[in-house]
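Asks: I have a structure I would like to understand better, so I am pasting it below and will then ask my questions one at a time.
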Amino acid sequence: MAQVMRFEVVQITHRTVKSIRARNVQKAQIVDYGLRNNGVFVITTPKPWSQGNFLRMSMRGCLPLNDVRDEVSEDGEMTVLRAPDMQDLHLQLDNNEGDVTDVVMWKEPYKGIEVHAGSEWFSKYLSMEGLKLVWLSPKYPRILTAKPMNRQFQTSWVDTRPFHFITTTTIEHMAHGGGVPLDPARFRGITLKPLDGAFKPYDEDKWRVVGINGVLMDFVKRKVRCPITCIDPTTNVTSREPLNFAEKDNRNEGDGTLYGVDFVHRVPNDMSGPVGLIEVGCILEVLES
């Protein structure tokens, strides 16, 4: 019987609004769409681009999003957004009141609820007219299909898959190769430290089924990374790393550069409420590879 590989969760990143600065949290509930309240808001623009109408930090004029910080209340019902020279914005995290609006993300159409106070706040902060802050309402869940299993699943606005894992081994390898210190927070996922066995950079590519605190998750694909990972989350300094080194390390495939892996969790059909819990210090086990 093959040895079960074990990894310690050393960092969990979270942000209520897609593309603002990610913050580290000690624990998070796992719900039907991923980490509770993670990426439940997205900012849309009246000027669509090739992949949709959502804003990304790497787009022109959007780097100040990295200076937007959020703080979620202990009960998970409210968030406060803070940014330089702006009044704090208090938002409910479970509010179906508002106008239904369209979100196009990676060319796929979805519906959400506009939060008008947030729309005004971000339009003013970024000096861009017509921005909308859109909430992921349970009335309009974002449904995607995991092609390897041909299984539908829910996710938030944060990305195309609920969970992204990357190991300290891979991060350290890219930091050494690129000559730039890499804060794991720039990868905006869950960082794992190997506990036993020989583990090499990018070996997480081989995982197929993992378990965390009794929650099973299935591999979907290797992660295609964008220039956001080249922005230092603390200083806003932008470079070509780690994309540049990853390209030299033959991590290109199609139109993207790959590091880290995307997973979806298994949600029981009769489940209502949280599916599980993930916290710093807990153990991920690789059950199939």
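The numbers here are math on the coordinates, done by the rules we state, and not lab data. Since the structure is predicted, the reported quantities are computational estimates derived from the model, not experimental observations. Note that each Cβ is placed from the backbone with ideal geometry, even for glycine, and that neighbours are counted across all protein chains shown.
Asks: When the Debye formula is applied to the Cα atoms of region 1-116, each taken as the same point scatterer, what base-10 log of I(q)/I(0) results at q = 0.18 Å⁻¹?
Replies: For region 1-116, the Cα-only Debye profile gives -1.07.
Asks: Any idea what diffusion coefficient region 1-67 gets from Stokes-Einstein, in µm²/s, Kirkwood Rh on alpha carbon pairs, 4 °C, 1.567 mPa s?
Replies: For these conditions, the coefficient is 90 µm²/s.
Asks: Ranking request for peptides 118-127, 83-92, 196-205, 183-192: highest mean number of other beta-carbon atoms within 10 Å first, then the rest in descending order.
Replies: Top of the packing list down: 183-192, 118-127, 196-205, 83-92.
Asks: Using only Cα positions of region 227-289, each an equal point scatterer, no hydration layer, compute I(q)/I(0) via Debye at q = 0.12, 0.18, 0.21 Å⁻¹ and quote the log10 values to two decimals.
Replies: These q points yield log10 I(q)/I(0) values of -0.59, -0.92, -0.97.
Asks: Right, next: Would you mind checking the tilt of helix 168-178 against the longest principal axis of the Cα atoms of the chain, expressed as 0 to 90 degrees and rounded to 10?
Replies: 80
Asks: Over all alpha-carbon pairs of region 121-163, lay out the pair-distance distribution in 10 Å bins, whole %, shortest bin first.
Replies: 24, 35, 26, 13, 2
Asks: Can you figure out the FRET efficiency of Lys124 with Glu279, using R₀ = 51 Å and their beta-carbon distance, to the nearest 0.05?
Replies: 0.90
Asks: Can you give me the long-range amide H partners of Leu216? Hydrogens built in the peptide plane at 1.01 Å from N, cutoff under 5 Å, separation of 5 or more residues or another chain.
Replies: Counting only residues 5 or more places away or on other chains, the set is Arg266.
Asks: Separate question: Determine ³J(HN,Hα), in whole Hz, for all residues of region 53-67 in sequence, where each value follows from phi through the Karplus function 6.51 cos²θ - 1.76 cosθ + 1.60 and θ = phi - 60°; x replaces Gly and Pro.
Replies: Once rounded to whole Hz, the list reads 10, 9, 8, 10, 4, 6, 7, 4, x, 9, 4, x, 4, 5, 9.
Asks: Further question: After finding the eigenvalues of the alpha carbon gyration tensor for the chain, what semi-axes result from the square roots of 5 times each, listed largest first in whole Å?
Replies: 30, 23, 18
Asks: Got a sec to turn the phi values of region 221-234 into Karplus ³J(HN,Hα) couplings, 6.51 cos²θ - 1.76 cosθ + 1.60 with θ = phi - 60°, whole Hz, x for Gly and Pro?
Replies: Those phi angles translate into 6, 6, 7, 7, 9, 10, x, 4, 5, 8, 9, 5, x, 9 Hz.
Asks: Then there is this: Based on the alpha carbons, how large is the Rg to Rh ratio for region 111-204 when Rh follows Kirkwood?
Replies: On the way: Rg = 18.8 Å, Rh = 16.8 Å.
Answer for region 111-204: 1.12.
Asks: Helix-derived [θ] at 222 nm for the chain: sum -39500 (n - 2.57) over DSSP H runs of at least 4, divide by residue count, nearest 500?
Replies: Mean residue ellipticity at 222 nm (helix-derived): -3000 deg cm²/dmol.
Asks: Ok, one more. Per the Debye formula with a single identical scatterer at each Cα and no solvent contribution, what log10 I(q)/I(0) holds for region 143-289 at q = 0.11, 0.17, 0.22 Å⁻¹?
Replies: -0.44, -1.03, -1.55
Asks: Turning to a different aspect of this structure: List, in the order given, every pair from Lys193/Lys221; Lys132/Lys193; Lys139/Lys221 whose Cα-Cα distance in the structure shown is over 30 Å.
Replies: Beyond 30 Å: Lys132/Lys193.
Asks: Would you work out which of His176, Ile12, Val103 lies farthest towards the positive end of the dipole of the chain, given +1 charges on the beta-carbon of Lys and Arg and -1 on that of Asp and Glu, about the Cα centre?
Replies: Comparing the listed Cα positions along the dipole, His176 ranks first.
Asks: If you don't mind, there's one more thing I want to ask. What's the angle, to the nearest 10 degrees (0 to 90), between helix 116-126's Cα axis and the longest principal axis of the chain?
Replies: 80
Asks: Using the Cβ atoms and a cut-off under 13 Å, what net charge is assigned to the surroundings of Thr168, where Lys and Arg are +1 and Asp and Glu are -1?
Replies: -3
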